[in-house]
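The values are calculated or read from the model by the stated rules, or taken from the named source; none is laboratory data. What you see is a predicted model; the values in this text were computed from it and never measured. Glycine also receives a Cβ, built like all others from the backbone with ideal geometry; neighbour counts cover every protein chain displayed.
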Amino acid sequence: MPIAAVRLFVAGLLLSLFCHPGVAADRPDGDLAPLGNRDGMVTAADGLIALRYARGQLTPIPADDLLHGDVFPLNGNKPNPDGVIDEDDVTTILEVALGLRVLDLSDFGTLALGAADQPAVGPCPTQAVLTDQTELDALKTAMTTGAVTYLDIPFNGADPDIYKKKCGLEGFWNPVNNVNEVSPGPLGITAITIAQLLNFGNSGICSDGFNNASFGVDEGFPVAGVYRNEHKAMLGNTTYHLRWRATTSGTAAGESFADLGLTYSGAGNDVENTLVYEVNGAVTPHADVYAAMVNAMTVVAGDAPSATLVVKQGSTAIFQVVLEFICVTKTTL
């Protein structure tokens, strides 16, 4: 049985199916609290953390906190970060918290790369394809009609974090280590669907506590978190190298299918026949989720092309993923 060999793009849906919402890109918004677990809001608590950073009471400053807390100098209300958090940043954050100032973050949309996106490692920081609708449409065509491969880290059964690394969970993912380029065909995957990826590509390995003894028992929904991974799509003489970011959340996040009373194999399984999938609010047949997610990607100034998948059990939403394309290179021979 291949160990988490392929997830491909929809595995990205599955592997990253739902994380803490609203905290995707690192940008100078003043959001620092709670420490180590930002909540997407700016309050007096954020100002207090900034003050501790400014006074050297908390060192070193994590790279992502520097990106969020370095809001000064200002050009009008637009941050012009200078690489430090000082008392001017504290004052500005408190002004935001008190409603005395609204920061203009139009130049810092979700297309802005944070430290966790590994902007110095290819295909980042290249984003030209993601800001031109014609170029993005060509990428989408390659992803839906061309050959798609997945970049994976070699399996190491002695590494207790190997499954988190394979899933691309923030804090464990390192693109430098994803050196295996894996194709779906040798694993028996004939169509990129959630069910096939679960049954042949081991895409259920991101559930909570998954380990070497979990196969066939604990496959399930990915834990809540931010995930990143990479694919290549080849069509004709053009190859795209894509990095995506997915933010997952929901009551089922991290739960095994067995604990939820769900099946993913065999005739009439729940993944194909019972669960309801909505892509950007539109009910989508299981077999069409991959194409719908890809085709939903559009260029929005300042923001990463994105699509939202919601999984429902009956009428109740149990799992959600916001998937974003953040970097892509294009090579034509």
- Test Glu278 against the stated conditions and say whether it is without any contact (Cβ under 8 Å) to a residue 40 or more places away in the chain, crowded, with 17+ Cβ neighbours inside 10 Å and touching a Lys or Arg at 6+ places or on another chain (Cβ under 9 Å). yes
- Task: Output the residue which, of all residues in segment 81-110 that are among the β-branched types (Val, Ile, Thr) and in contact (Cβ under 8 Å) with a residue 24 or more places away in the chain, is nearest to Asp65 (Cα to Cα).
- Result: Ile85
- Query: Under the condition of being out of contact with any strand residue (DSSP E or B) (no Cβ under 6 Å at 6 or more places or on another chain) and within 19 Å of Val300 (Cα to Cα), which residue from segment 94-107 is modelled with the highest pLDDT?
  - Reply: Leu105
- Select from segment 259-291 the residues that are more than 21 Å from Phe200 (Cβ to Cβ), aliphatic (A, V, I, L, M) and over 23 Å from the mean Cα position of the chain (by Cα) and list them in ascending order. Leu260
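If you check Lys140, Lys78, which single one turns out to be over 19 Å from Asp39 (Cα atoms), among the basic types (Lys, Arg) and in the same structural domain as Asn237 (by TED's automatic domain parsing)? Full working, then the answer.
On the way: Lys78 fails: in the same structural domain as Asn237 (by TED's automatic domain parsing).
Sole residue among the options that is over 19 Å from Asp39 (Cα atoms), among the basic types (Lys, Arg) and in the same structural domain as Asn237 (by TED's automatic domain parsing): Lys140.
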- Task: Test each condition in (1) part of a loop (DSSP other than H, G, I, E, B); (2) surrounded by fewer than 20 Cβ atoms within 10 Å (Cβ to Cβ); (3) among the β-branched types (Val, Ile, Thr) for Ile205 and report the one that comes out false.
- Result: (2)
- Query: For segment 181-197, how many residues are in contact with a His (Cβ under 8 Å, 6 or more places away or on another chain) and part of a loop (DSSP other than H, G, I, E, B)?
  - Reply: 1
- Note on the structure: Residue set Thr91, Thr110; condition at pLDDT 95 or above and hydroxyl-bearing (Ser, Thr, Tyr); output residue Thr91
- Residues (on the phi < 0 side of the Ramachandran plot, in contact (Cβ under 8 Å) with a residue 60 or more places away in the chain and buried (at least 20 other Cβ atoms within 10 Å of the Cβ)) located in segment 150-174: Tyr150, Asp152, Tyr163, Lys166, Cys167
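I'm trying to understand the selection: among the residues of segment 165-200, which are among the small types (Gly, Ala, Ser) and over 19 Å from the mean Cα position of the chain (by Cα)?
Of the residues in segment 165-200, the ones among the small types (Gly, Ala, Ser) are 168, 171, 183, 185, 188, 191, 195.
Hits for segment 165-200 are Ser183, Gly185, Gly188, Ala191, Ala195.
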